[in-house]
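Since the structure comes first, as structure tokens, the remarks are kept for the end.
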Amino acid sequence: MKFIHITDIHLVLPGQRLWGFDPLARLDACLADIATHHADAAFCAITGDLTERGEPDAYAALKKRLERFPIETHLMLGNHDDRTAYLHVFGDASASGHVQKAIARDGSTFLFLDTLKGPPSSAGLYDAPRSAWLMSELEKAAGTPVYLFMHHPPFDIGHDLMDLIKLDDAENFAGLLEGHNIRHIFFGHAHRTISGQWRGIAFSALPGLSHQLPLVSGSVETVYSDEPPMYAAVLLANGMTIVHSDAFMHRSPALMHKDAERGDWY
């Protein structure tokens, strides 16, 4: 089974730019590349910061593109999003009014979480109504493999800025997961390629489609940096989770003859 992970697209109004980038153009290029090379994906997940300022017209631009995108797509909210504006355009709230959902594929459960706390904080929140939903879905999973998608990481990632604005109630969140077969957490927010293990659970994150965050603050003059945007193609097979990150806008031929290195390698 294959699915796609995208994060931090930070859309602004059509025709506008953000920190020198055109987020809509980058999204268009990303979706086109996925449709060309990964049309067999079961679904696509976009883990938050769908917009930069939560503008309804930015959500409308996203909806228009997803309507013609051939792969089922599930959206989450990040700290740059506005839940009211999002729901006005997409209208897919859970019973508690949050943007959360569960899907089942190939004997596994995929849970898409809403960690938006709201201004003035950029940190995340997973309060009682959201936690109740998660506990219910984990009980329904009944020990089968579960994959979580969320914007804010529920742990420090070793970055001086992002560790200040992770999920607020991380310990309580960790308690919700105990005793369940959580295989992997896919998150955004960090604007960097990250992978590792937390409390025995594998995790991964991606660069955003817009700006990135330098690993070491001060290594460039500005808070944000210009680094290659990526999406991930995730493969689940034989008990394994394989995450391929693809810098789709920086893919070009090497300086070699097109027929070089095409012999019998095995």
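For the pair Met135 and Ala39, a Förster radius of 41 Å applied to the C-beta separation gives a FRET efficiency near 0.70, rounded to the nearest 0.05. Fully extending the segment from Ser195 to Asn238, taken as 0.36 nm per residue of separation minus the present Cα-Cα distance, adds 13.5 nm.
Extension gain for Ile165 to Val223 (0.36 nm times residue separation, less C-alpha to C-alpha distance): 19.4 nm.
If you find the alpha carbon centre of the stretch 129-156 and of the stretch 1-80, how far apart are they in angstrom? Cα centroid to Cα centroid, the span is 23 Å.
In this rough spin-label picture, where each label sits 7 Å from Cα along the Cβ direction, the Met1-Arg105 distance is 0.7 nm. In a fully extended conformation the segment linking Lys64 and Ala247 would gain 63.5 nm over its present Cα-Cα distance, using 0.36 nm per residue. Using R0 = 41 Å, the C-beta based FRET efficiency linking Leu13 and Met256 works out to 0.45. Along the stretch 58-66 the Karplus relation, 6.51 cos²θ - 1.76 cosθ + 1.60 evaluated at θ = phi - 60°, assigns HN-Hα couplings of 6, 5, 5, 5, 5, 4, 4, 5, 5 Hz to successive residues, with x for each Gly and Pro. At an R0 of 30 angstrom, the distance between the Cβ atoms of Asp264 and Ala202 translates into a FRET efficiency of 0.30. All other residues with a Cβ under 15 Å from the Cβ of Ser219 taken together, and with Lys, Arg as +1 and Asp, Glu as -1, what is their net charge? Around Ser219, the charge tally is -3. Translational diffusion of the stretch 140-266 was estimated from the Stokes-Einstein equation, with Rh taken as the Kirkwood radius over Cα pairs; at 25 °C and 0.890 mPa s the coefficient is 144 µm²/s.
Bear in mind that the values in this text are calculations on the coordinates, not laboratory data. Keep in mind it's a predicted model, so treat the numbers as computed, not measured. Don't worry about glycine lacking a Cβ; one is built from the backbone with ideal geometry, like all the others, and counts go over all protein chains shown.
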